[in-house]
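Comments concern the structure below.
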Amino acid sequence: MLYVFFPEKKESIDHTFRTGIIVHSAGTLGNVEKPITEIFDQKDIDQYFNINFVSFVLVNNLFLKLTKNIVRQQLIINITSLAAIQSIAGFGLYSPAKAARESFLRSVLVDQPDIKILNYSPGMVDTDMVSELCRQTWNEETKNFSTDKQNRIPAEVTIRKLIQLLKENKFVNGSRVDYYDL
């Protein structure tokens, strides 16, 4: 993939990289200020899914295309959420977008069984996005849970667990692994 950015170096780049890795972590909350049943602006919904799902599909497919012949193994790591499998009040657009990502990757695995895929749910990581959720969510229970610092996991802690999981390579391909299960 380096030759895409450095075409003049194409011949000198070693085409035997062991693993090409993409980590999908980017995402947005969407409108958390009101329940999903009160969101009527199609433009906002389209924009949300374009950012959080459509771009995910396109970037992922580009990665697979560009690395197909230059790596021995392609690894897709999708940073997911409990919200992908369990509805949480105040996560109206976030939950279905996360679920769609996981579903898409199951389809990728059916089509391309040699690709390695991990859906990693890192727990509620102490990030700006969680702080934004605390400030903006309409749901008091979600706000209270998110505001309690004891429920938040430092990014370094969950990343260490992810790295250990990858080093041990003991996850089932295409599986969903939760921080709390490690």
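Tabulated data for the structure shown
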| item | result |
| --- | --- |
| Pick from segment 125-146, criterion in contact with a Leu (Cβ under 8 Å, 6 or more places away or on another chain) and surrounded by fewer than 18 Cβ atoms within 10 Å (Cβ to Cβ), ranking: farthest from F171 (Cα to Cα) | Q136 |
| Subset of segment 144-181 (residues that are part of a helix (DSSP H, G or I), within 15 Å of L75 (Cβ to Cβ) and among the basic types (K, R)) | K167 |
| Scope segment 60-86; condition of a type in the set (S, T, N, Q), within 17 Å of Y180 (Cα to Cα) and part of a loop (DSSP other than H, G, I, E, B); matching residues | T80, S81, Q86 |
| Some residue of segment 111-126 being within 17 Å of I22 (Cα to Cα), polar (S, T, N, Q) and in contact with a Phe, Trp or Tyr (Cβ under 8 Å, 6 or more places away or on another chain) | yes |
| Pair list, Cβ < 7 Å and 6+ apart or interchain, from segment 146-174 residues that are without any contact (Cβ under 8 Å) to a residue 40 or more places away in the chain and farther than 22 Å from R106 by Cα to residues that are among the charged types (D, E, K, R) and surrounded by 13 or more Cβ atoms within 10 Å (Cβ to Cβ) | R152/D126; I153/D126; P154/D126; A155/D126 |
| Some residue of segment 89-105 being among the basic types (K, R) and part of a helix (DSSP H, G or I) | yes |
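Bear in mind that the values in this text are calculations on the coordinates, not laboratory data. For clarity, every value in this text was computed on a predicted model and none was experimentally measured. So basically every Cβ, Gly included, is an ideal-geometry build from the backbone, and we count neighbours across all protein chains shown.
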